[in-house]
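Heads up, the thing below is written out as structure tokens.
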Amino acid sequence: MNILLSFIIPAYNAEPYLRECLDSISRLNMRGRGYEVIVVNDGSTDGTAALLEAYGREHVEVTVISQENRGLSAARNAGMRGAKGKYVCFVDADDHLFAAQAPLDVLEGEEVDIVGVNVLQKDRQGKRMPYRRYVPEYNKLYEPARKFMQGRNLMPCVVAYFFRREFLELEQMQFTEGIYHEDEDFTVRAFVKAGSFKALNVDWYERLLHAESITTTTDVEKQQRRLRDLVKILRKLDGLADADPELRVCMQSKLDYLAVDMLRLLLRQRHPKVFRQEIVGAMRTLGYFPLHWHWEWKYILFNLYTRLGN
């Protein structure tokens, strides 16, 4: 049987929630369509390995790749190297999938490089809400995919997309290892290179909020590394946008909003003056401080606030 979907799940000390994640995939109505689940055990020190061994005996579609702890990007890259499906779907070990059917028909019948779906966010009280940074025009085909970025703050989370495996392999797409916010880098580069994109109005993925994550951490060292990594990503993507004027037009809104996110983090957190000067200085050198103008009232207010403080 041909494999339609390759689910790639990085797992590091994921014992408390991994089984529920795997069960949510098993409950999908694939109607005879082939699929595989590749779990990359990224050097876990808890009971993750034992859980996967037991789960694999009951579910032949599950393949386990074990490696020393190398981080999320390296785990996803390992999963992509082993994938055989027509499309690749990334899943975080502490999240869930819905038993949706609609995306499968599109994936099976078309050759779109990137297919977007809806992501929901559930808080610790069980309340669900949409989780997106853009309002897509559903079922519209964008060729090339970069045209979809124009004027939009592109959703960076890779879990919101299906990626055609042959496209990933042809473009030698990999996650940059050793950085935080690897999705911001990978997703934008994928949209730059992809030949086509289509968004579907389908609730597919449920993202669970946790008390402590890289986006909510209060660890000052992690906060500073996170901001420095965002500077690296902005520098890299801004350099990519210099390839040609048309690409710059398509990417500029995303880059501008990435700069906004960096300043929001910097203002919200408590850092020494010398560190604030380091980040603002790097943004100034790149041409993103003061912020560029966008005619959206929230952006305008934040822009004025940062300019007054400049």
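Quick rundown of the values:
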| item | result |
| --- | --- |
| Any hit, the stretch 239-261, residues being over 19 Å from the mean Cα position of the chain (by Cα) and on the phi > 0 side of the Ramachandran plot | no |
| One residue from Val64, Val91, Val60 being touching a residue at least 40 places away in the same chain (Cβ under 8 Å) and either farther than 23 Å from Asn118 by Cβ or surrounded by 20 or more Cβ atoms within 10 Å (Cβ to Cβ) (or both) | Val91 |
| Residue in the stretch 140-156 that is free of Cβ contacts under 8 Å to residues at least 40 places away in the same chain and hydroxyl-bearing (Ser, Thr, Tyr) present | no |
| Subset of the stretch 162-172 [in contact (Cβ under 8 Å) with a residue 24 or more places away in the chain and in contact with a helix residue (DSSP H, G or I) (Cβ under 7 Å, 6 or more places away or on another chain)] | Phe162, Phe163, Leu168 |
| Candidate set: the stretch 67-88, residues that are crowded, with 18+ Cβ neighbours inside 10 Å and among the charged types (D, E, K, R); chosen: the one nearest to the chain's Cα centre (by Cα) | Arg76 |
| Filter result for Asp105 (of a type in the set (Asp, Glu) and surrounded by 13 or more Cβ atoms within 10 Å (Cβ to Cβ)) | no |
| Within the stretch 56-101, tally of residues that are within 25 Å of Lys122 (Cβ to Cβ) and of a type in the set (Lys, Arg) | 1 |
| Set Glu166, Glu177, Glu171, Glu182: member being within 26 Å of Leu4 (Cβ to Cβ) and touching a Ser or Thr at 6+ places or on another chain (Cβ under 8 Å) | Glu182 |
| Those helices (runs of 4 or more DSSP H) lying entirely in the stretch 1-88 with at least 1 residues of a type in the set (Asp, Glu) | 18-26, 48-58 |
| Members of the stretch 231-285 that are more than 25 Å from Arg189 (Cβ to Cβ) and of a type in the set (Val, Ile, Thr) | Val274, Val280 |
| Count of residues meeting criterion [of a type outside the set (S, T, N, Q) and either within 12 Å of Ile9 (Cβ to Cβ) or crowded, with 20+ Cβ neighbours inside 10 Å (or both)] in the stretch 39-50 | 3 |
| Among the residues listed as Lys222, Lys236, Lys254, the single one being of a type in the set (Lys, Arg) and crowded, with 18+ Cβ neighbours inside 10 Å | Lys254 |
| Residue under evaluation Asp92, criteria (1) assigned to a helix (DSSP H, G or I); (2) within 26 Å of Asp203 (Cβ to Cβ), criterion not met | (1) |
| Residues (touching a Cys at 6+ places or on another chain (Cβ under 7 Å) and either farther than 11 Å from Glu206 by Cβ or outside the structural domain of Phe197 (by TED's automatic domain parsing) (or both)) located in the stretch 116-151 | Arg146, Lys147, Met149, Gln150 |
| Single residue of Glu20, Glu53, Glu36 found to be in contact (Cβ under 8 Å) with a residue 24 or more places away in the chain and surrounded by fewer than 16 Cβ atoms within 10 Å (Cβ to Cβ) | Glu20 |
| Any hit, the stretch 43-51, residues being charged (D, E, K, R), assigned by TED's automatic domain parsing to the domain that holds Phe90 and farther than 21 Å from Leu97 by Cβ | yes |
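Rundown of residues vs (1) surrounded by fewer than 18 Cβ atoms within 10 Å (Cβ to Cβ); (2) at pLDDT 95 or above; (3) closer than 19 Å to Asp94 by Cβ, yes/no style:
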site: Val135; (1), (2), (3): yes, no, no
site: Leu141; (1), (2), (3): yes, yes, no
site: Val159; (1), (2), (3): no, yes, yes
site: Phe163; (1), (2), (3): no, yes, no
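The values are calculated or read from the model by the stated rules, or taken from the named source; none is laboratory data. Predicted model, so just to flag it, every value in this text is computed and none were measured. Note that we place each Cβ from the backbone using ideal geometry, even for glycine, and neighbour counts take in every protein chain shown.
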